[in-house]
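Read the structure below first, then the notes.
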2 protein chains.
Amino acid sequence: MKEDIFMKKIINDPQNLVDEMVQGMTRAYSSIVEQIPATNAIVRSDKASMQEKVGIVSGGGSGHEPTHAGFVGKGMLSAAVCGQVFTSPTPDQIYEAIKAVNHGKGVYLVVKNYSGDVMNFDMAKDLAAMDDIEVKSIVVDDDIAVENSLYTQGRRGVAGTLFMHKVLGAAAQNGASLDEIDELAHAILPNIKTIAVALSAATNPMTGQPGFKLADDEMEYGVGIHSEPGYRREKIKSSKELVEELITKLNEELHFDSRNKYAMLVNGMGATPLMEQYVFTNDVLNKLDSFNITPVFMKIGNYMTSIDMAGISLTIFEIKDDKWLEYLNYPVQTIAW
Amino acid sequence: MKEDIFMKKIINDPQNLVDEMVQGMTRAYSSIVEQIPATNAIVRSDKASMQEKVGIVSGGGSGHEPTHAGFVGKGMLSAAVCGQVFTSPTPDQIYEAIKAVNHGKGVYLVVKNYSGDVMNFDMAKDLAAMDDIEVKSIVVDDDIAVENSLYTQGRRGVAGTLFMHKVLGAAAQNGASLDEIDELAHAILPNIKTIAVALSAATNPMTGQPGFKLADDEMEYGVGIHSEPGYRREKIKSSKELVEELITKLNEELHFDSRNKYAMLVNGMGATPLMEQYVFTNDVLNKLDSFNITPVFMKIGNYMTSIDMAGISLTIFEIKDDKWLEYLNYPVQTIAW
């Protein structure tokens, strides 16, 4: 560690951080995941469960753990490619993951909408095409906070990506074809919406600096998972008041209707205790009560984090087909789902 | 929220924090847990799986989520009692939990070694005795950092308690009697040892104040899960150096031997990213390699937290009987295991 940066982090040399993280994860959970040699791509250990199935590959910059590698395993992702911190994985590593999980039925890529990721996953797709591996992809852009952003044209891809992983992973495990998975991905995408608030920024281990600074009594609405700006700063509010604003924003997109079914993900950003996440969840459920809505599927926890950022995101997914709910509930063998 | 305290927390009135947390958790996961009315005791929803079995009850102060309520469910705890933040639950609430999970085979209490918890769980045991409910208990004291402490005579009970929950929960699910569970608990206890480091203290939502202050470049060895003092402060070290010290301390207790089997729990304290926990795990596994030891069971994540404390604990459990490993691997239906 550089002597001039006193980061409050349990690491060794920041340059080796992702390599060491991948080794720690794959050694500790060798029955679930393994590393593709000489890469930071992580693939399902249980090869038998992937035979005759479409491979599902995701990935992106590191710092969002357990995303993405924590969702590799039977019934969910076939592989995840870990880039450097907040940096897209390189096309050659994505390509290695595609080759590793192709079993003749093609490979589907789940990409979060950041320019670097979109470009590198596309290049990997081109490399795979030269090998006659059929590859299709979806770009997830569930964050409703802002249009365009640092690193992004359009909307950002955030925690709602996990619903995409879960539904497509179950479909692939159940033998869906590449075309069926592509159709399913495009069907669910417009129904998954997320919005976040932040109380503090992540401290990037490569720089030792926080991504932004908020005053001691300040919060920001709509912050991204790489400390991208949101849409408003103000004095910190109660959980109830936050929920009021976030649900109002989500309702503008999804037009809540008590005749519909919804899934919900309350996602901690890294440093927000579960205690607070459950209080927030209680306020969300109370607010949804006013629409006569009780979600039929719920998860609360640290799923799509931003290193040590304090904050929370709320994802609502309108379930238009009971098959989608079945896929959400389909059993998986992963580290973190 | 008091206007004079700007806590960076997503909460409403701190006085209602635990009530709202329990409601959020039980509403979101109603298929797994439910609240005993008018208490903050949480009991397994699946009553059928508890028939003819010994009930296993744990609990303690809140602020350690997902401990304890996250481990209630088929195959693990029958009930958990949530006290106020860092405060023992009251005897009457523990007693309600005992009554709720007694099915004629008796109830076993897993208590972390803090004076308030020990006293209150004992009083609840006395209340249950007046109802002719047979109750036995174990006091977990796995933290090797210091003898005696704030709130504790002897050693503190920390993350190793989860191994106790897991092993006893599986034994109860498999029909072990109260005496058999008591014997098992006392057999495994001396083989479970934990030690922690902290980079920052928890901020208690009742006071808005951190439990202690460390300089920007400072860490402390042996801190407890309520910000109790450890045994040494110094400039922050690399993960490798931390591991070297922690493993040396654990070896003094457990006398590592490559002919033995070990389980390992790397536990984040709340604000320490999984990325760092996996780097630390990699260093632990490398260090254990030097003893020719590879743990046969491993878990990494935020299990026994201390609100938003940055830090990590390492628990090693020497598995002296293959039955214990079978119980560690026994499937459960809980929120957080």
Using a cut-off of under 16 Å, list every residue of region B:280-316 whose amide N is near the label point 7 Å from the Cα of B:ASN251 along the Cα-to-beta-carbon line.
B:283-295, B:316
Cα-based reach from A:LYS240 at 12 Å (exclusive), listing aspartates and glutamates while leaving out same-chain residues under 8 positions away:
A:GLU276, A:ASP283, B:ASP13, B:GLU20
Cβ-defined net charge surrounding B:GLY24, 15 Å radius [Lys, Arg +1; Asp, Glu -1]:
-3
Pseudo-spin-label distance A:GLU183 to B:LYS47, built 7 Å along Cα→Cβ, given in nm, is 4.6
Counting only DSSP beta bridges with both partners in chain B, the antiparallel fraction in percent, to the nearest 5, comes to 55
Given Cα pairs under 8 Å that are at least 6 residues apart, what percent is the relative contact order of region A:214-337?
28
Whichever aspartates and glutamates have a C-alpha closer than 12 Å to that of A:LYS261, once near sequence neighbours (fewer than 8 apart) are set aside
A:GLU318, A:ASP321, A:ASP322
Region B:58-104-region A:48-66 distance, computed between alpha-carbon centres (Å)
37
Enter the per residue convex hull volume of the protein assembly as shown, computed from alpha-carbon coordinates, in Å³ rounded to the nearest integer.
140
Could you check what % of the DSSP bridge pairs in the protein assembly as shown are antiparallel, to the nearest 5?
55
Per-residue ellipticity at 222 nm attributable to helices in the protein assembly as shown (runs of n ≥ 4 DSSP H, -39500 (n - 2.57) apiece, nearest 500 deg cm²/dmol) works out to -9500 deg cm²/dmol
With the alpha-carbon atoms as the only input, what is the per residue convex hull volume for region A:191-328 in Å³?
105
Across A:LYS105/B:LYS299; A:LYS299/B:LYS166; A:LYS249/B:LYS213, pairs whose alpha-carbon gap is larger than 30 Å
A:LYS105/B:LYS299; A:LYS249/B:LYS213
Compute the longest continuous run of chain A that contains no exposed GluC sites (Glu not before Pro); treat a site as exposed when its DSSP state is not H, G, I, E or B and it has at most 14 other Cβ atoms within 10 Å.
A:148-337
Which distance in Å, rounded to a whole number, links the C-alpha centroids of region A:257-334 and region A:126-195?
19
Provide the gained length on full extension for the span B:SER258 to B:LYS213, in nm with one decimal, where the gain is 0.36 nm per separating residue minus the Cα-Cα distance.
12.2 nm
Excluding B:SER239 itself, calculate the net charge of residues whose Cβ lies under 14 Å from the Cβ of B:SER239, where each Lys or Arg counts +1 and each Asp or Glu counts -1.
-3
Need one number: % antiparallel among DSSP beta bridges in region B:191-328, to the nearest 5.
80
Local net charge near A:ILE56, Cβ-Cβ under 15 Å (Lys/Arg +1, Asp/Glu -1)
+3
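Computed from the coordinates by the stated procedures, all read-outs in this text should not be read as laboratory data. If you're wondering where the values come from, they're calculated on a predicted model, not measured in any experiment. Note that we place each Cβ from the backbone using ideal geometry, even for glycine, and neighbour counts take in every protein chain shown.
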